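The values are calculated or read from the model by the stated rules, or taken from the named source; none is laboratory data. As the structure is a computational prediction, the values presented were derived from the model and not from experiment. When we count neighbours, we look across all protein chains shown, and the Cβ atoms used for this are built from the backbone with ideal geometry, even at glycine. To get the accessible areas, we keep the full protein, side chains included, count just its heavy atoms, and leave off ligands, DNA and RNA. Shrake-Rupley method; radii C 1.70, N 1.55, O 1.52, S 1.80 Å.
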Amino acid sequence: MNIPDDAFYGLLAKAVQLRDGETLQRTIYHALRNAILNGQLQPQSRLPGSRAIAQQLQLSRNTINAALDQLATEGYLLRDRQGSQVATLPHSPANETTPPLVISLPPHLAQLPAGTRRDSPALAFTPGTPAVNYFPLPLWRRLLDRVWRDEGSALLGYGDSAGEWSLRVAVARHLALSRGIDCDANQVVITEGAREGLNLCTQLLSERGQPVWFEDPGYFGARSAFISAGLPIHGLPVDEDGMCFTSAVLPSPRFIFTSPSHQYPLGNLMSATRRLAWLEFARQHDAWIIEDDYDSEFRYSGEPIPAMLGMVPNAPVVYLGTFSKTLFPSLRIGFVVMPKALAKSVQPAIDSLLRGGHRAEQRTLAHFIEEGHYARHLASMRRLYRKRQAQLREAIEQELTFPHLISAGEGGMHLTVKIDGIDDGKVVDLARQFQLAPAALSRFYLDPSQGETGIVLGYGNTSASRFVAGIRTLNQLITQTRRASE
């Protein structure tokens, strides 16, 4: 042994004395392992016998043997009848200065938009967050308990890669009634939120380098999905009729990403004329439209607008939906609806790419929809959000002293307030100090320096009693940041 017995026993005694909640066996194990790795116990050194160690430390010999056996199993010690010997490791870090790791991330990660902080509970004015305190949790718990009681261990396996059949049937029926989509359960794939649906689209329908035409401003999550898949993004402007055609010379797209029912973040509704024009364009250019049906459930005037997928036969559209905005975010259940021919063609690939799971929650959601609870909850939330939107408009007009324009606002859970010439990024960063989390409009643009400025105010998760004080605070922050820049 390369260190004296006193030093060896002192090493172990100190470890035992300082152990913090660890078992004695693990304490001995870690002390010896660390001594081997840092060179205190060098290769081929012999340790005292387990009986001697146990007597010296006044511990059970079984404890010592268990620690030594574990070290031998992992290759740190060699044990035989003569005792324990430190193994010669392929590379010993003893007496070496290990250089710092050199981190080289893929270049495309630098193009990702800034991540969105997910506070829990959500701060006031957080866009895209529903009124979770209005969710009928006792009812959901009863339905979930019923599923476990009826199905039990049968739900513990992965299940169908495309999702639980009962939920796919329920989603298809719901879409037929609410969105005018004539589909069956075979066309529906259940995903872990809309983001996984986007990832699935890129995996199934594109190759790296194929262009995406994208709403500008547009949804952060979609940008991240396309960038991660190596698909270059070309921004197209948005007007009062939705995403515009452009006179710019752009490469022919593989995907056209749009949120026609309630453009995010501007809130505009794509006109029927524009929708039909995009459908024809996609057909002519062998492109796929990815229809993000954002906030379509919360329309406050007129009849529901049919989805693009249901407008014409055999539309080249993949439809994305999620229950995170209508029920609660942590549910993480979304869905993709594909044309029949596409759904049939990609089924083998889906079996390879997805693994199923969350089966009890999916079965519970199926009951929630089929028994009418979902429709009733949506109706209740529409009434709540319609009232909150009106109250937020009043608070804005009362407290916001800067010239501004409220964009769209015929539905959804947010209002976008355009305010020229402000540092909206700095305003929203400062707002977090006051427990407010609106979003900066400029950050939704591919080039924030060229985008409009303003504030995106979510009201789904925020009581109307906080509107006036919140807008007053934001008004003060705008004033403060303007003065600082002068």
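Phi angles of the range 206-218 translate, via the Karplus equation with coefficients 6.51, -1.76, 1.60 and θ = phi - 60°, into HN-Hα couplings of 9, 10, 3, x, 6, x, 10, 8, 9, 4, 10, x, x Hz per residue; Gly and Pro are given as x.
The alpha carbons of the chain stretch over 88, 61, 51 Å along the principal axes, in descending order. Let a ≥ b ≥ c be the square roots of the eigenvalues of the Cα gyration tensor of the range 1-78; is it rounded (a/c under 1.5), or, if not, prolate (a/b larger than b/c) or oblate? Taking the square roots of the gyration eigenvalues as a ≥ b ≥ c, the range 1-78 is rounded.
Database remark: amide H of residue 298 closer than 5 angstrom to the amide H of 412 (H placed geometrically; neighbours at sequence offset of 5 or more, or on other chains; Pro and chain starts carry no H). When restricted to Cα atoms, the range 60-156 yields an Rg and a Dmax of 28.0, 71 Å, respectively. Under 5 Å from the amide H of residue 216 lie the amide H atoms of 236, 238, each residue being 5 or more positions distant or on a separate chain, with H modelled from the backbone and absent for Pro and chain starts.
Before I look further, what does the range 1-155 give for accessible area per residue, probe 1.4 Å, in whole square angstrom?
Details: 10100 Å² over 155 residues.
Solvent-accessible surface per residue comes out at 65 Å².
Summing charges over neighbours of residue 320, with a neighbour being any other residue whose Cβ is under 9 Å away from its Cβ, gives -3 when K and R count +1 and D and E count -1.
Lysine pair count for the chain with Cα-Cα distance under 24 Å and sequence separation of 8 or more or different chains is 4.
Over the Cα atoms of the range 348-439, Rg to Rh with Kirkwood Rh, two decimal places? My calculation puts Rg/Rh at 1.17. Distance between the pseudo-spin-label points of residue 476 and residue 186 (7 Å out from Cα toward the beta carbon): 6.2 nm.
The residues of the range 196-324 expose, per residue, 36 Å² of accessible area to a 1.4 Å probe. Computed from the alpha carbon atoms alone, the convex hull of the range 206-358 holds 131 Å³ per residue.
Does the range 417-486 classify as rounded, prolate or oblate by the C-alpha gyration tensor (a ≥ b ≥ c root eigenvalues; a/c under 1.5 gives rounded; else a/b over b/c gives prolate, otherwise oblate)? Taking the square roots of the gyration eigenvalues as a ≥ b ≥ c, the range 417-486 is oblate. With Cα atoms defining each centre, the range 322-354 and the range 377-399 are spaced 31 Å apart in the structure.
Look at where the Cα atoms of the range 442-461 and of the range 107-179 average out, and the two centres are 26 Å apart. Peptides 190-201, 66-77, 355-366 ranked from most to least packed by the mean count of surrounding Cβ atoms within 10 Å: 190-201, 355-366, 66-77.
Just need the relative contact order of the chain here, percent rounded to a whole number, with Cα pairs under 8 Å and 6+ apart.
Relative contact order for the chain comes out at 17 percent.
Taking one quarter of the surface of the C-alpha convex hull of the range 292-419 gives a mean projected area of 10.8 nm². Entry note, the chain: the mean residue ellipticity at 222 nm calculated from DSSP H runs of n ≥ 4, each adding -39500 (n - 2.57), is -13000 deg cm²/dmol after division by the residues and rounding to the nearest 500. In the range 347-486, the portion of solvent-accessible area held by carbon and sulfur atoms comes to 47 percent [1.4 Å probe, whole percent, DNA, RNA and ligands not counted].
Only protein atoms count toward the accessible area here, which uses a 1.4 Å probe; on the range 1-88, the carbon and sulfur part of that area reaches 42 percent. Surface composition of the range 147-195: carbon plus sulfur atoms contribute 51% of the solvent-accessible area (1.4 Å probe, protein chains only, all chains present).
Distant-in-sequence amide contacts of residue 333, defined by a placed amide H-H separation under 5 Å and a gap of 5 or more residues or a different chain, comprise 193, 323, 324.
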